[in-house]
């Protein structure tokens, strides 16, 4: 290490290292698609473990809640490890029961709603066409009127088209089904891994801290620990309260639609609740899908639903979310929009979902780390400029001699 520092102090070595870094960065940027593809392939080998870690991270707050509210108050459990093991077991049981409840109650309703919607698509389209004609938007004069009329009025043609597509692309469908089956198996394995990771959380956390403490200086270790703790708080708080917000919006939407006797309550409410998890554009997409579905059934229901959605999203943006999130995310809208665009381009839907916490972390790094460091450097006294030089008699004599020579020349 000392030899390396001596080399870095030499100008030629520092220039050589900078040149190598520049060339490497140039080749990486020139072949960015290939590099990202290689990184994606490498990460794909560990996707199951990464998925297990993500599931364990999501279940961790629930396990901590059970440990704090239930098992810490039971005197029978004396060891902390025993309390944590029972907390993890109860958290896993809760998640499994919740998933089973969704599968048993919600999935059949969704399938029934989708089936009814597809089977009645022809009559819905006819009603929509009649409504458009009543408003003067007639298709009768269009050169493609017969084609449009047949497409809108015949659900059998749509079903036959779907059947023909399935017959022509059976191999692709089988391959996609096989991939979906492998995905389900991978997620089951990831869930099992998450249970083990969550049970061993304290040991993993202690080991990581010991490694960081051994590899870093004290100040670097403390600042890194503070940074990671803050990132965990931001991400944890966002995920928990965003899920709660989605449940509130979806449930409120379901109650409203049920009170007004609207159809496809389960389908529309699930779409609205899920899309509400996506920041900025999600509520807009969910509202448009809901309006389109209801417009095919009863147009006036679509109008009422649109007005209700605008009111609900206004309340959600100005009342519900501020109450849930508090002042945790003091992030500008421009930064969130940039994070959504960049995250969506790089990581797809996951990048869009995590755009707000990522923007909050970037804002935290800028305000709490970068700015203080720059201010610290600006306030540091310039030692070179303020360094008092000792008097040098020989230098003074040379200066006097030079001044005398200049005077004589003049």
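Odds and ends about this structure:
- Between residue 82 and residue 14, the FRET efficiency estimated from the beta carbon spacing at R0 = 60 angstrom works out to 0.60.
- The stretch between residue 292 and residue 323, if pulled fully straight at 0.36 nm per residue, gains 8.0 nm over its current Cα-Cα span.
- With neighbour counts taken as other beta-carbon atoms within 10 Å, the residues 59, 212, 101 rank, fewest first, as 101, 212, 59.
- Arranged from fewest to most other beta-carbon atoms within 10 Å of their beta carbon, 69, 83 become 69, 83.
- Distance between modelled label sites at residue 374 and residue 119, nm, 7 Å Cα→Cβ extension: 6.4
- Proxy reagent accessibility, fewest Cβ within 10 Å first, across 67, 368: 368, 67
- Its Cα gyration tensor gives the range 236-327 an equivalent ellipsoid, and the semi-axes of that ellipsoid, as √(5λ) in whole Å with the largest first, are 24, 12, 11.
- Residues in the range 226-256 reached by a label modelled at residue 311 [backbone nitrogen below 11 Å; 7 Å Cα→Cβ]: 256
- Normalised by the number of residues in the range 228-288, the mean separation of alpha-carbon contacts (under 8 Å, six or more apart) gives a relative contact order of 30 percent.
- Residues residue 75 and residue 192, FRET efficiency given R0 of 35 Å [Cβ-Cβ distance, rounded to 0.05]: 0.65
Laboratory data are not the source of any read-out in this text; all were calculated from the coordinates shown. Predicted, not measured: the structure shown is a model, and the values here were computed from it. All Cβ positions, even for glycine, are placed from backbone atoms using ideal geometry, and neighbour counts span all protein chains on display.
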